[in-house]
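Below: one structure, written as structure tokens.
The values are calculated or read from the model by the stated rules, or taken from the named source; none is laboratory data. The structure presented is a predicted model; accordingly, all values stated were derived computationally and were not measured. As a convention, Cβ positions derive from the backbone with ideal geometry for all residues, glycine included, and neighbour counts pool all protein chains shown.
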């Protein structure tokens with residue numbers, strides 16, 4: 001039987017070139033499904049990745065107890081001083097977190113950009129920062145360091161240009177990178193200048209702290225929460241960013257799979273069409289094989305294998321197209337948790353490519369099954385007459 | 001046999017092939033309709049704007065800022081303004097962060113007369129006004145969480161702690177409302193209670209103003225006047241129509257319309273290729289027949305029109321089925337979807353676009369086969385048999 005399957009399949013595949021037109025239908029149909037599915041899912045993966053890579057080992061946030069975002073958090077200098085002197089905290093950076101409406105390049109409409117005020121310690125607690133163009137802002141001046149993703153997503157953040165935030169004017173003196181994390185969607189400025197320009201007095205939104213490696217984080221968090229002088233809590237960045245992408249990623253995934261399923265149904269019809277016509281154009285050939293003593297099973301298997309081969313080709317094609325077009329493509333969306341724009345790169349990962357190929361093979365199998373059964377059921381005598 | 005009858009018979013000579021082609025066209029148009037509706041929902045911010053005579057006045061630099069409540073009288077005194085009411089974003093968590101729904105402090109009677117599409121009984125509205133810690137919820141939301149009139153709904157504040165440092169706010173449900181236009185799963189409570197109980201930094205602060213105009217035609221003039229009034233104050237504002245405001249906010253999610261267009265393009269590219277291929281194949285099998293028709297005296301033009309007509313009929317049938325299916329699917333998923341993205345509806349024009357597109361695709365697909373049918377010479381064609 002295996003020898004028969006091998007023979008017939010080989011023959012089919014050799015003949016594929018003569019059915020190029022109709023075979024391309026299955027290939028393109030499935031390529032389309034895989035491209036759209038993988039493309040949409042890669043958005044969800046990219047968004048999750050941007051938030052997850054933001055967290056850094058041994059780095060934590062200090063927020064007002066009860067608040068779950070830097071936007072709704074707040075503390076004063078006295079609280080900052082107490083926390084920064086606690087045992088186990090290596091570097092502490094008190095920061096101001098403000099949002100401004102700046103036009104987004106993609107839509108031309110205002111979107112939420114994060115302006116983060118910090119002192120030198122802000123860079124110290126973020127060793128992953130590198131200034132890739134221009135220079136760091138100077139303390140005491142209305143200068144601004146913009147994340148590379150913010151530069152790409154928002155209007156007017158090119159080096160040397162002046163931007164208006166909240167009735168104050170700033171000069172862009174540098175661009176920074178943090179390895180693709182959500183920080184790259186922010187702009188950073190000098191803390192005292194920001195506090196003065198935005199009329200925030202000595203107000204701080206939150207703290208970023210680097211912890212000693214030996215510290216017991218849970219114990220330190222308990223100490224801060226229990227301190228009667230403080231109404232604060234400590235969360236590690238890992239904890240803080242972990243859940244943030246979930247909702248949006250789930251929404252994108254649901255959308256992706258829904259569109260994928262509907263398209264897949266259409267592609268199965270197309271595949272069925274192709275395979276039925278492949279079978280019908282080979283009626284005489286199949287009947288001859290049967291007459292020569294080839295069994296029904298090898299015929300069925302050979303048709304299915306042909307469909308699978310075409311589907312696999314389509315799946316790989318779709319995956320390749322989406323990889324070439326969209327991998328690394330940058331988009332941004334509103335992160336509900338921080339109420340600000342977070343830019344992310346579409347991430348066409350090996351896992352997604354695998355999903356795409358599995359879908360392709362599944363569709364190919366469905367598209368091949370019924371025509372294969374029909375081929376095997378052809379009554380030999382009528383089929384030989386070519387009717 | 002009429003020409004149409006002949007076309008029909010031809011289409012169904014290979015029933016499986018035609019039905020499968022038809023089904024893939026149907027699926028393409030189903031997807032087209034649904035994606036259009038999703039894109040439209042996001043572009044409009046999911047708001048079916050009833051009152052074209054309403055403006056939103058929000059803090060100039062960012063919606064996350066607050067405005068002082070004493071702006072109210074100033075806005076009311078601007079020419080063209082007939083009513084003003086405030087809302088504030090409360091945030092907060094009911095039991096679990098996953099139970100998300102907006103919560104707003106409002107001035108009861110002002111709110112319900114500003115938004116007539118929100119329906120509440122007079123009795124319950126009066127009870128809402130009388131009760132200091134009272135709250136009203138959308139009926140479906142109340143049903144979802146099993147709230148009854150008289151129940152106490154605890155909300156843990158994240159933005160607005162109370163004056164006494166506690167974060168627990170408790171509201172007594174005194175009524176429910178429905179929004180006749182679309183689902184609005186939200187909880188509203190007294191602004192007076194909010195501003196009295198909230199910590200110092202939140203007192204007498206509002207998130208944004210809703211302004212009613214006497215004449216919708218003066219919207220941009222009045223909006224400019226409001227903005228000018230506060231331009232040089234500590235709290236400058238930005239005023240837009242409700243519609244614009246919702247659109248701009250929705251754009252923050254990203255260009256959903258653009259993504260939808262890419263998918264639609266991919267789908268139709270596939271469909272054109274698929275159906276075009278099928279039509280060419282069908283024609284190929286029928287070359288001798290067409291030759292016979294020509295021998296019988298059918299003109300070149302009629303024969304090619306027939307071939308073209310087949311493609312168009314196939315596409316139109318498929319699109320009609322797709323549009324019909326889309327309406328069925330919508331009635332099934334709209335109730336679920338509307339609590340996420342607001343109004344989910346097909347624009348009247350999208351049906352016309354879909355049919356136009358079907359016609360266009362039919363013509364594109366039928367063109368090549370029609371041309372070759374026309375060029376067919378009888379002798380050559382008959383010889384092929």
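List of remarks:
- Applying a threshold of 9 Å to beta carbon distances and a minimum spacing of six or more residues, or different chains, the list of pairs starting in the range A:140-156 at a residue that is in contact (Cβ under 8 Å) with a residue 40 or more places away in the chain and ending at one that is part of a helix (DSSP H, G or I) and surrounded by fewer than 22 Cβ atoms within 10 Å (Cβ to Cβ) reads A:140/A:192; A:140/A:193; A:141/A:193; A:142/A:193; A:142/A:197; A:143/A:193.
- Subset of the range B:69-102 [touching a helix residue (DSSP H, G or I) at 6+ places or on another chain (Cβ under 9 Å), within 14 Å of another protein chain (Cβ to nearest Cβ) and without any contact (Cβ under 8 Å) to a residue 60 or more places away in the chain]: B:98, B:99, B:100
- Annotation: of all residues in the range A:225-272 being more than 20 Å from the chain's Cα centre (by Cα) and assigned to a loop (DSSP other than H, G, I, E, B), the one that is nearest to the other protein chains (Cβ to nearest Cβ) is A:231.
- Residue match in the range B:30-49 (condition: within 14 Å of chain A (Cβ to nearest Cβ), under 23 Å from the mean Cα position of the chain (by Cα), closer than 25 Å to residue B:203 by Cβ and in a loop (DSSP other than H, G, I, E, B)): no
- Check on residue B:144, part of a helix (DSSP H, G or I) and either surrounded by 16 or more Cβ atoms within 10 Å (Cβ to Cβ) or at pLDDT 95 or above (or both): no
- Within the range A:100-131, the set of residues being within 14 Å of chain B (Cβ to nearest Cβ) and not in a strand (DSSP E or B) comprises A:105, A:106, A:107, A:108, A:109.
- Selection status of residue A:91, more than 14 Å from every other protein chain (Cβ to nearest Cβ), under 18 Å from residue A:191 (Cα atoms) and surrounded by fewer than 20 Cβ atoms within 10 Å (Cβ to Cβ): yes
- Top-ranked residue of the range A:51-67 - restricted to ones that are in contact with a strand residue (DSSP E or B) (Cβ under 8 Å, 6 or more places away or on another chain) and within 22 Å of residue A:343 (Cβ to Cβ), ranked as surrounded by the fewest Cβ atoms within 10 Å (Cβ to Cβ): A:55
- For the range B:208-235, a residue qualifies if it is touching a strand residue (DSSP E or B) at 6+ places or on another chain (Cβ under 7 Å) and away from every other protein chain (no Cβ under 13 Å), and the qualifying residues are B:208, B:209, B:210, B:211, B:212, B:213, B:214, B:219, B:222, B:223, B:226, B:227.
- Under the condition of being under 38 Å from the mean Cα position of the chain (by Cα) and within 14 Å of chain B (Cβ to nearest Cβ), the residues counted in the range A:1-59 number 28.
- Single residue of B:269, B:298, B:258, B:340 found to be surrounded by fewer than 21 Cβ atoms within 10 Å (Cβ to Cβ), at pLDDT below 85 and over 22 Å from the mean Cα position of the chain (by Cα): B:269
- Any hit, the range A:301-313, residues being under 24 Å from the mean Cα position of the chain (by Cα) and either more than 30 Å from residue A:155 (Cβ to Cβ) or outside any helix (DSSP H, G or I) (or both): no
For every residue, the table says whether it meets (1) within 14 Å of chain B (Cβ to nearest Cβ); (2) modelled with pLDDT under 95.
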residue	(1), (2)
A:153	yes, yes
A:168	yes, yes
A:182	no, yes
A:191	no, no
A:197	yes, yes
A:205	yes, no
A:214	no, yes
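- Evaluation of residue A:215 against (1) under 30 Å from residue A:122 (Cβ atoms); (2) surrounded by fewer than 16 Cβ atoms within 10 Å (Cβ to Cβ) (one fails), failing number: (2)
- Residues of the range A:36-80 that are part of a helix (DSSP H, G or I) and under 18 Å from residue A:200 (Cα atoms): A:77, A:78, A:79, A:80.
- When residues in the range A:367-382 are screened for being surrounded by fewer than 20 Cβ atoms within 10 Å (Cβ to Cβ) and assigned to a helix (DSSP H, G or I), 9 of them pass.
- Just one residue in the set A:347, A:320 is under 18 Å from the mean Cα position of the chain (by Cα), under 30 Å from residue A:54 (Cα atoms), more than 14 Å from chain B (Cβ to nearest Cβ) and not in a helix (DSSP H, G or I); that residue is A:347.
- Among residues of the range B:124-136, those that are in contact with a strand residue (DSSP E or B) (Cβ under 6 Å, 6 or more places away or on another chain) and under 30 Å from residue A:231 (Cβ atoms), counted: 3
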